[in-house]
Amino acid sequence: MALLPILEFPDPRLRTKAVPVDPAWLAGEEAQRLFDDMFETMYEAPGIGLAASQVDVHKRFMVIDVSEEKDRRMVFVNPEIVARSGEEVCQEGCLSVPGIFADVTRAAEITVRALDRHGEPFELAADGLLAVCIQHEIDHLDGKLFVDYLSPLKREMVRKKLAKQRRADAA
């Protein structure tokens, strides 16, 4: 397995809309290795979700594990939310926007339909942290970031803070 570089805001590649995955691709070694590399990258970061777009692979899939033990790996290929209800505000962070956290309003409960890492279809009802994470990662696949939910002023402050942080890290 290998750690993959994670794109960081404001990298324009994060705005690329991911293309649907051909289910035949899932049978290959490349797909399975990429899923494993993404899990390793996500755990190392550390995070609970990682969309392919964040590692500069613009295919419609993501990996998630919201468990404390890091033992409930979930792969969502071609995910789509088919139902949503309620509303909740949750403080979110993002591996592509390191060190920044903000309140985001999302659906409290969702139902998502996707393929697993082997191409088997499934449907999952989710709430709480898992529902937030799924919605956050699907946004990435659509070229949207959690900072897009912020006011333009706050988004610009985030951009400047990250640029300052990068300059300090490079020095």
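Identify, from the list V77, V66, the residue that is on the phi < 0 side of the Ramachandran plot, in a loop (DSSP other than H, G, I, E, B) and under 15 Å from the mean Cα position of the chain (by Cα).
On inspection, the qualifying residue turns out to be V66.
Right, R113: modelled with pLDDT of 95 or more, within 30 Å of E29 (Cβ to Cβ) and surrounded by fewer than 15 Cβ atoms within 10 Å (Cβ to Cβ) or not?
Numbers: modelled with pLDDT of 95 or more: yes; within 30 Å of E29 (Cβ to Cβ): yes; surrounded by fewer than 15 Cβ atoms within 10 Å (Cβ to Cβ): no.
No; evaluated as a whole, the condition is false for this residue.
Residues of the range 43-65 being open to solvent by 40 Å² or more (accessible area, probe 1.4 Å) and in contact (Cβ under 8 Å) with a residue 60 or more places away in the chain, which ones?
Within the range 43-65, just I48 meets the criteria.
Just a yes or no: is a residue in the range 35-52 assigned to a helix (DSSP H, G or I), hydroxyl-bearing (S, T, Y) and modelled with pLDDT of 95 or more?
The answer is yes; a qualifying residue exists.
Only residues that are in contact with a strand residue (DSSP E or B) (Cβ under 8 Å, 6 or more places away or on another chain), outside any loop (DSSP other than H, G, I, E, B) and open to solvent by less than 30 Å² (accessible area, probe 1.4 Å): list them for the range 94-110, please.
Listed by number, the residues that qualify are C94, I100, A102, V104, R106, I110.
So which residues in the range 4-26 are at pLDDT below 95 and among the hydrophobic types (A, V, I, L, M, F, W, C), if there are any at all?
F9
The values are calculated or read from the model by the stated rules, or taken from the named source; none is laboratory data. Everything numeric here is computed off the predicted structure, so don't read it as measured data. Using ideal geometry, Cβ is built from the backbone for each residue, glycine included, and neighbour counts are taken over all protein chains shown. The accessibility values were calculated without ligands, DNA or RNA, using every heavy atom of the protein model including side chains. Shrake-Rupley method; radii C 1.70, N 1.55, O 1.52, S 1.80 Å.
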